[in-house]
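Nothing in this text is a laboratory measurement; each read-out follows from the coordinates by a stated rule. Computed from a predicted structure; not experimentally measured. Note that each Cβ is placed from the backbone with ideal geometry, even for glycine, and that neighbours are counted across all protein chains shown.
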Amino acid sequence: MRMAIELAQRGGGHVHPNPQVGAVIVKEGRVIGKGYHRSYGNLHAEREALQSIPEGENAENATVYVTLEPCCHHGKQPPCTEALIQAKVACVVIGSRDPNPLVSGKGIEQLRKANITVVEDFMKEECDRLNPVFFHFVKTKRPYVTMKFAQTADGKIASQTGNAKWISSEKSRAEVQKLRGERMAILVGVNTVLADDPRLNCRYSGGRDPVRVVLDHMLRIPMSSQIVRSAWEQPTIVVAKENADAPGKEQKTFGERKEALETAGIEVLVVPQTIVHPEEEIQFVLDWLGTRNIDSILVEGGGTVNAAFYKAQAVDELIIYMAPFFLGADGISPVASLEINDPMMAERMRLQSATAMSDGDVCIVYTKRE
């Protein structure tokens, strides 16, 4: 199963909206076939594993280790349960049960009806960790939210002047590019755009550019910014507040600013005035993104945006790249005021991993407690 898990990980960033899946076929103590879901629309792991069996051998009476319950419905590919039954395998060992209502338990039932032995929940925790995005989106129809920031050892994301280049190491920044390629969308506040003029693309070889989401109530994003100028190349959504005023913005009305951005290729999502609190707005935006089948989002905001997501209890995963130096008390914190006076009232997350990078940084990953 560890081999199947390692195979499944190779599909990261390429299989959306499908899950990452790996499969290994063992017969008489030997691995005779293995495969993984390489990209959306291509063979599923079980079928690839069956096709990899050398000529002159077959899977009859073999044991198949698969990280996720085999599918039993017709989609881009035919059911994997059919292929396993036709191959006359003796046993299927499954890591995670598929939460998709089209499959959940039904694939297992089909295999058992065909007199195939099924072992469930084998290395379940490790297999579940392969597909947090898929599991979350199937269950909630909302994007899986990963918040990421780099900070110093004393918890600062920038100096008192706002200079953050560079807190994290080159290797850490390369990891972030890979993460961008694995998430469907990336979200920042307009202050980040005004301060840094980022492109927010993926510079990792083979990675896909995420959909860009900018929280910008008053549509202050400059028409000359990289994001606006590249909107036809990379899908971009600007979240505004209905009839929000921007004094001094070339004296243009909200409607005129909105029309100019739309002409430039940007989709403007207008939040109703009835939504007052930032955390309510976050929930509204996540619900809306879910209707667009955006299953995951990387939040790279500053303190205000991070605080809004935390207050909304919308952070599913927190990734911190911690650098081995201090900036002192006058540095900028990663989260704005949360007005928490009692530490026992703070939402606590579960430590998933802490990895020492070769250049001194530490990557810390937390996930939401269920």
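For the reader, a short list of remarks on this structure follows.
- Mean ellipticity per residue at 222 nm, deg cm²/dmol - from DSSP H runs of n ≥ 4 across the chain, formula -39500 (n - 2.57): -7500 deg cm²/dmol
- Kirkwood Rh, angstrom, the range 125-181 [1 / mean 1/r, Cα pairs]: 13.9
- Charge tally in the Cβ shell below 15 Å around Pro101, where Lys, Arg are +1 and Asp, Glu are -1, Pro101 excluded: +1
- Evaluating 6.51 cos²θ - 1.76 cosθ + 1.60 at θ = phi - 60° for every residue in the range 221-228, the Karplus couplings come out as 4, x, 5, 8, 5, 4, 5, 5 Hz, glycine and proline recorded as x.
- Under 30 Å from Lys258, Cα to Cα: lysines that are on another chain or at least 8 residues apart: Lys141, Lys148, Lys241, Lys249, Lys311
- Cross-link partners for Lys113 among the lysines, with Cα-Cα distance under 29 Å and sequence neighbours closer than 8 places in the same chain left out: Lys27, Lys34, Lys76, Lys88, Lys124, Lys139.
- Packing order of peptides 93-99, 109-115, highest average first: 93-99, 109-115 (average count of other Cβ atoms within 10 Å over each peptide's residues).
- By the count of other C-beta atoms within 10 Å, a proxy for reagent exposure, Asp342, Asp209 are ordered fewest to most as Asp342, Asp209.
- Cβ crowding within 10 Å ranks Arg142, Arg350 as Arg350, Arg142, fewest other Cβ atoms first.
- Using θ = phi - 60° in the Karplus curve 6.51 cos²θ - 1.76 cosθ + 1.60, the 3J(HN,Hα) couplings for the range 150-158 round to 9, 9, 7, 5, 9, x, 10, 9, 6 Hz; x is entered for Gly and Pro.
- Counted by Cβ distance under 14 Å from Ala90, the other residues give a net charge of +1, where Lys and Arg count +1 and Asp and Glu count -1.
- Here's how it looks for Ser96: its modeled amide H is under 5 Å from those of Leu68, Glu69, which are all 5 or more places away or on a different chain.
- Beta bridges per DSSP with both ends in the chain, % antiparallel, nearest 5: 40
- Zone of Val118's modelled label, taken as backbone nitrogen in the range 61-84 under 20 Å from a point 7 Å along Cα→Cβ: 61-75, 77-84
- Two-site label geometry, Thr263 and Ser52: point separation in nm, points 7 Å out along Cα→Cβ: 5.4
- Packing, taken as the mean count of other beta carbons within 10 Å per residue, orders the peptides 119-126, 194-201, 271-278, 134-141 from highest to lowest as 134-141, 194-201, 119-126, 271-278.
- Annotation: amide H-H contacts under 5 Å for Ile32 (H modelled 1.01 Å from N, sequence separation of 5 or more, or interchain): Ile25, Val26, Lys27.
- The local environment of Gly206, defined by Cβ-Cβ distances under 13 Å, has a net charge of +4 under the rule Lys, Arg +1 and Asp, Glu -1.
- Cα long-axis angle, helix 278-291 against the chain (0 to 90 degrees, to the nearest 10): 40
- Rounded, prolate or oblate (a/c below 1.5 giving rounded, otherwise prolate when a/b exceeds b/c) for the range 303-359 by Cα gyration tensor: oblate
- Rounded if a/c under 1.5, otherwise prolate or oblate - the range 1-133, Cα gyration tensor axes: rounded
- Folded to 0 to 90 degrees: helix 254-263 orientation relative to the chain principal axis, Cα: 40
- Inter-centroid distance (Cα atoms) of the range 108-177 relative to the range 257-287, Å: 27
- Crossing angle, helix 170-182 versus the chain [Cα axis fit, 0-90 degrees, rounded to tens]: 70
- Relative contact order computed over the chain (Cα-Cα under 8 Å; 6+ residues apart), in percent: 15
- Scanning residues 5 or more positions from Val238 or on other chains, those with amide H under 5 Å from its amide H are Val214, Glu267, Val268, Leu269, with H placed 1.01 Å from N in the peptide plane.
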